[in-house]
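Okay, structure first, notes after.
The values are calculated or read from the model by the stated rules, or taken from the named source; none is laboratory data. Nothing here was measured: the structure is a model prediction, and the numbers come from that model. Here the Cβ positions follow ideal geometry from the backbone for every residue, glycine too, while neighbour counts run over all protein chains shown.
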Amino acid sequence: MKPTLLVVDCLNDFLDPKGVLNCGEAGRSVIPAIAREIAAARAQGVDVVYACDAHRPGDAEFELYPPHCLEGSWGAEIVPELRPEAGDRIIRKRRFSAFFGTDLDLGLRESGSDALRIVGVCTNICVLYTTADARMRGYGVTVPAAAVASFDAEAHRFALGQIRDVLKATIEGTGE
């Protein structure tokens, strides 16, 4: 298997205390684990891809959640601790799944990747739906529980269970 590390929504609006949809301490607490995942991937020559919310004003998602991660805004920027480096890819997305309406699948297939290691936020929203779409497309998926978080601890645990039990992806660790 040729893996790719997919870093989901590690953006100011989710991980900075001033962010519109701040995940709180749970979100801040996974930043070091995500940084370790990124460093390990780079050291092993594994591609690193950032999937980042980049909404437009009036986006349909704002019927569900307050306006956040507006393209070009501070809130849509990757947090400083996890900034991309030369060679990393950034995929801008407007929906929960990093596959919906993006060229993520094409890019992965062109690179020969057939497995994803998914880290980031929110476990029960963008991580879960990206994992579901990856599994529907035939990718192997591993989610290190220590490198994903949500603003809702119960929803986080439920999503990890769905990822493991329904989607048959691998969960590393317990996330507790």
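Details
- Only residues that are free of Cβ contacts under 8 Å to residues at least 60 places away in the same chain and in a loop (DSSP other than H, G, I, E, B) were counted in segment 79-89, giving 6.
- Scanning segment 68-83 for any residue that is aromatic (F, W, Y), crowded, with 17+ Cβ neighbours inside 10 Å and either at pLDDT 95 or above or under 13 Å from the mean Cα position of the chain (by Cα) (or both) turns up nothing.
- The residue that is farthest from R89 (Cα to Cα), counting only those in segment 17-67 that are aromatic (F, W, Y) and under 18 Å from the mean Cα position of the chain (by Cα), is Y65.
- Qualifying residue in segment 37-58 (condition: surrounded by fewer than 22 Cβ atoms within 10 Å (Cβ to Cβ), in a helix (DSSP H, G or I), charged (D, E, K, R) and touching a residue at least 24 places away in the same chain (Cβ under 8 Å)): yes
- Scanning segment 90-106 for residues that are among the hydrophobic types (A, V, I, L, M, F, W, C), in contact with a Phe, Trp or Tyr (Cβ under 6 Å, 6 or more places away or on another chain) and crowded, with 18+ Cβ neighbours inside 10 Å gives a single hit, F96.
- Members of segment 146-176 found to be part of a helix (DSSP H, G or I) and surrounded by 14 or more Cβ atoms within 10 Å (Cβ to Cβ), listed by number: A146, A147, A153, A155, H156, R157, F158, A159, L160, Q162, I163, R164
- Number of positions in segment 75-104 that are acidic (D, E) and either farther than 20 Å from T123 by Cα or touching a Gly at 6+ places or on another chain (Cβ under 7 Å) (or both): 3
- For first residues located in segment 100-127 and on the phi > 0 side of the Ramachandran plot and without any contact (Cβ under 8 Å) to a residue 40 or more places away in the chain, partners that are surrounded by fewer than 22 Cβ atoms within 10 Å (Cβ to Cβ) and assigned to a loop (DSSP other than H, G, I, E, B) and lie 6+ apart or on another chain with Cβ distances below 7 Å form the pairs G101/R94; G101/R95.
- Just one of the numbered conditions (1) part of a helix (DSSP H, G or I); (2) under 27 Å from K2 (Cβ atoms); (3) of a type in the set (A, V, I, L, M, F, W, C) is not true of V143: (1).
- Criterion violated by R28 - all others in (1) without any contact (Cβ under 8 Å) to a residue 12 or more places away in the chain; (2) assigned to a helix (DSSP H, G or I) satisfied: (1)
- Subset of segment 64-78 [in a loop (DSSP other than H, G, I, E, B) and of a type in the set (A, V, I, L, M)]: L64
- Residue among R109, R135 that alone is crowded, with 17+ Cβ neighbours inside 10 Å and among the basic types (K, R): R135
- The residues of segment 52-97 that are among the aliphatic types (A, V, I, L, M) and closer than 20 Å to T130 by Cβ, listed by number, are A54, A60, L64, A76, I78, V79, L82, I90, I91.
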